[in-house]
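We did not get these values from a lab; they are worked out from the coordinates using the rules stated. Being a predicted model, the structure only gives us computed values, none of them experimental. Note: ideal-geometry Cβ built from the backbone for every residue, glycine included; neighbour counts use all protein chains shown.
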Amino acid sequence: MKIKWKGHACFFIECSGKIIVTDPFADSYGYPPLRERADLVTVSHDHNDHNAWQNLSGNPLVINQAGDFDLGEISIQGVASYHDQKQGALRGRNIIYRIKAEGLTLAHLGDLGHILSPAQVEALGKIDILLLPVGGTYTIDAEQAGQVLEQIGPAIVIPMHFKTPAIKLPIAPVEAFISKFARVVKKPFLDITGEDLQGATRVIVLDYLS
């Protein structure tokens with residue numbers, strides 16, 4: 001499985017001969033425009049920094065709801081959650097996606113706005129790779145992200161949805177989150193198999209220019 005971060009909450013995940021794109025953003029957010037081919041797209045909620053799949057090529061299958069989706073060698077489960085701490089009263093609903101492929105299980109939390117409930121933790125089960133929002137304002141912040149990380153206990157966590165030089169949204173930079181860890185690895189992208197999941201949880205920050 002190869003994971004590239006395009007910025008914000010958008011990742012390109014190459015697995016089982018397919019390209020999965022998570023939460024593609026519109027052109028107005030400062031990151032390079034998304035025009036690449038996709039086979040599958042997951043949309044956590046209907047805001048245009050997360051749902052601009054029309055800009056992608058390849059006529060992808062778009063998943064934008066909770067439920068189970070069996071796609072052959074790839075299975076996706078959408079778990080209902082909220083965009084805020086008041087059960088969606090402020091910003092609406094959010095969908096967490098659990099993606100299984102190539103013997104790995106990845107969770108993309110979208111714009112999660114709260115600590116997970118026991119039922120949500122149980123629904124997600126064992127997660128190898130966690131794509132975790134950390135920037136606050138519209139999502140959980142660094143402290144809450146640490147709590148969610150403890151709830152899930154993945155082998156690898158990749159922070160997302162934080163302030164970079166490219167984006168003007170009022171969210172915090174990644175340093176507030178990664179400062180909690182003794183060792184943080186920075187990579188242009190992540191190329192991983194099940195054999196790479198040994199040891200304690202690792203924090204990997206990806207380069208959005210990859």
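How high is the relative contact order of the stretch 113-210, in percent, counting Cα pairs under 8 Å that sit 6 or more residues apart?
Averaging sequence separation for qualifying contacts and normalising by length gives 27 percent for the stretch 113-210.
Looking only at the stretch 192-210, which residues have a backbone nitrogen under 19 Å from a spot 7 Å from the Cα of Ala166 in the C-beta direction?
The answer is 204-210.
Rounded to the nearest 20 debye, what is the charge dipole size of the chain about its Cα centre when +1 sits on each Lys and Arg Cβ and -1 on each Asp and Glu Cβ?
Magnitude of the dipole: close to 380 debye.
Could you give the nm distance between label points at Thr201 and Ile115, where each point is 7 Å from its Cα heading toward the beta carbon?
Using points 7 Å along Cα→Cβ, the separation is 1.4 nm.
With a Förster radius of 22 Å, plug the Cβ-Cβ distance of Arg35 and Asp191 into 1/(1 + (r/R0)^6) and report the FRET value to the nearest 0.05.
Efficiency for this residue pair is about 0.45.
Place the peptides 73-85, 102-114 in order of packing, highest mean first, counting for every residue the other Cβ atoms within 10 Å and averaging per peptide.
In decreasing order of mean packing, 73-85, 102-114 become 102-114, 73-85.
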